[in-house]
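The values are calculated or read from the model by the stated rules, or taken from the named source; none is laboratory data. Just so we're clear, the structure is a prediction, and the values are computed from it rather than from any experiment. Glycine gets a Cβ as well: all are built from the backbone with ideal geometry, and neighbour counts include every protein chain shown. These area figures cover heavy atoms from the full protein model, side chains too; ligands, DNA and RNA do not enter into them. Shrake-Rupley method; radii C 1.70, N 1.55, O 1.52, S 1.80 Å.
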Amino acid sequence: MTTGSTSGTWGSARRLLGFDLTGSAREGANLGRLLVLPAIAFTAILIIYPLIVGINTSLHENVPTLSAPADFVGLENYTNALKQPSVGSSAVQTVWYVLLALAIEIPAGLAIAALLHRKFRGRGLVMAILILPWALPSVVSGVLWRRVFDPDSGLLNSALVQLGIISEPHVWLADKGWATLFIVCVHVWGMLPLVALVFIAGMQAIPDDVYAASAVDGATPWKQFRHITLPLLLPSLVVSLVVGTVNAINIFDEIYVLNGTALNTRSILMEVYNQTFISGQFAQGLALAILVAVVTGALAIAYTLLLRRRTV
């Protein structure tokens, strides 16, 4: 088959399909819409439809099963959920999780990215080890760390007793302060690789010519990091803040594996679980879950607007 006949066959196929890959911008846009249709369909089925059902259920009276008929009660489930004393304490505890997690993830992720940004021998192996905690399911991470904090045979108690720091094993997760700190550490252990990779990607997008030009002007490595790297990493910082905040608000597996549903470490998502599945208040639990989703979305939008204001 000649080159001309091949081109003619391919051109006929493109016309038969109704678009031309090398045609106008309008045809390219139509092709883009066609390619994203499956993603839109899956999103509508897996996310939008359950969300609509959940909102509708939260506006009706609680019933034993979700399929049973229920009377419309408006925002009553939302107000009843917020009136629960455990909701307030869980919300405050979640705020602590978010603040502590971000306070560790952002600086540590930035430091790791700065160290791994330049190529060196064994960098690939270090990157693989770094990704491992993130690749592990959070339940598996919780089980591994539970062995560390075990009051009887845990590694932490054994090491501290051998060093003479404590005289007898301590039940760490029974103390609210220590339990919160250790749960945050387990959560950060799993999230830190993702944050570091986001910063590494941001650093690799910065042209080397910028650093070379600043070095000619006498800029030290610290000044380059402060006046070049950090400002140009603002988009990566916002992505890290959004990802870190959303995951910290939705922290559940680590708490459940390490300390169960104890009130001293209960997050807002665990309160949703308790109201929905333990107490059987489906409508009220869904109302609380929707409120959590609204707050999470508002924070993500706030981060985005802050970035836009800083870059305009």
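Within the chain, which DSSP H helices have Cα atoms that stretch 30 Å or more along the helix axis and a mean Kyte-Doolittle hydropathy of at least 0.0?
85-116, 176-204, 282-311
Please state the shape class of region 229-312: rounded when a/c is under 1.5, otherwise prolate if a/b exceeds b/c and oblate if not, all from the C-alpha gyration tensor.
oblate
Show me 110-121, 239-250, 159-170, 137-148 ranked by packing, highest mean number of other Cβ atoms within 10 Å first.
With the highest mean Cβ count within 10 Å placed first, the list reads 239-250, 137-148, 110-121, 159-170.
Using only alpha carbon pairs under 8 Å that are at least six residues apart, calculate the relative contact order of the chain and give it in whole percent.
Reported relative contact order: 25 percent.
Roughly how many Å² is the accessible area per residue of the chain, as a whole number, for a 1.4 Å probe?
Value returned for the chain: 60 Å² of accessible area per residue.
Would any residue of region 195-218 have its amide N under 20 Å from a label point 7 Å out along Cα→Cβ of Arg226? List them or say none.
Only 210-218 pass the distance filter.
With all protein chains present, how much of the accessible area of the chain (probe radius 1.4 Å) comes from carbon and sulfur, to the nearest whole percent?
Within the chain, the accessible surface is 69 percent carbon and sulfur.
Please give every one of the lysines within straight-line cross-link reach of Lys119, meaning a C-alpha to C-alpha distance under 27 Å, and leave out same-chain neighbours fewer than 8 residues apart.
Once the sequence-local lysines are set aside, what remains near Lys119 is Lys223.
Would the chain count as rounded, prolate or oblate if I go by the C-alpha gyration tensor, calling it rounded below 1.5 in a/c and otherwise prolate when a/b exceeds b/c, oblate otherwise?
In terms of gyration-tensor shape, oblate.
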